[in-house]
Amino acid sequence: MRSTGGDAGREPAPDTDGQLLVAALADQDAFGTFFDRNHERILAYFYRRTFCPHTSADLCAETFAQAWTSIRRYDPDAGTGRAWLFGIAGNLYRGWLRRGVVRGRARRRLGITTPDLTEDDLERIDHLVDTSDLREGLQDALSQLSPAVRDAVLMRVGLDLPYEHVAELCSCSVGAARVRVARGLAALSALMEQG
């Protein structure tokens, strides 16, 4: 958590996410506090859906980069700051499902690079979400996918193989491998939501 220190005469820090976003227009530290309050929630949101810490970290970073670049579009009368942020996250997730890649336009525009994850980072991300109750449902959902789609998903997400290797092992093009993984993840997401 960020400290305001002992600055006499300074206004108290905003106490809601929406207030932080409005304050961030004039004070970048307010966006830092907004990030501190929400980054683990956003990271867990993506990890529950992708089961991949690397993809989750990329999507999380892009979510906050897009929030920062579009902060002037936030309307406090339209909803909470957290809901606005999750709207951005949901759009990025759906785009990732369609394309099979995380687009980094906002990060590139801001000159942000996503650092490589350490073993400690991977462990911390894994602890954000208790997946024990999801394992049985995931096994059932995986069994409902076609073998070609299931294999592509397991190779890409489970083994973290690059799409080029997935394509080679599946005897298909890289584009076809991306489509199989995207369709498989979308189907898994739908099946897990039902269960």
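No value in this document is a laboratory result; all are computed from the given coordinates. The model shown is predicted, which means the values in this text are computed figures rather than measured ones. With ideal geometry, Cβ positions are generated from the backbone for all residues, glycine too; neighbour counts draw on all protein chains shown.
Data for the structure
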item: Order of Met155, Met192 - criterion: other Cβ atoms within 10 Å of each residue's Cβ, fewest first; result: Met192, Met155
item: Length gained when the stretch His127-Glu40 is fully extended (0.36 nm per residue, less Cα-Cα span); result: 30.3 nm
item: Stretchable slack from Asp140 to Arg105, in nm (0.36 nm times residue separation minus alpha-carbon distance); result: 9.0 nm
item: Among Ala182, Ala44, Ala26, residue whose mean-square fluctuation peaks in a GNM of the chain (springs only between Cα atoms under 10 Å); result: Ala26
item: Descending principal axes extents, the range 13-129, alpha-carbon based, whole Å; result: 35, 28, 26
item: 3J(HN,Hα) from dihedral phi, the range 84-95, Karplus parametrisation 6.51/-1.76/1.60, rounded to Hz, x for glycine, proline; result: 4, 5, 5, x, 4, 4, x, 5, 5, 4, 5, x
item: Fewest-first sequence of Val153, Val101 by Cβ atoms within 10 Å of each Cβ; result: Val101, Val153
item: Tilt relative to the chain, helix 28-50 - C-alpha long axis, 0 to 90 degrees, to 10; result: 20 degrees
item: Gain in span if fully extended, Arg73 to Ala176, counting 0.36 nm per residue against the direct Cα distance; result: 33.4 nm
item: Alpha-carbon spread of the chain, three principal axes, descending order, Å; result: 66, 35, 35
item: Among 52-62, 108-118, the order from most to least packed when residues are scored by Cβ within 10 Å on average; result: 52-62, 108-118
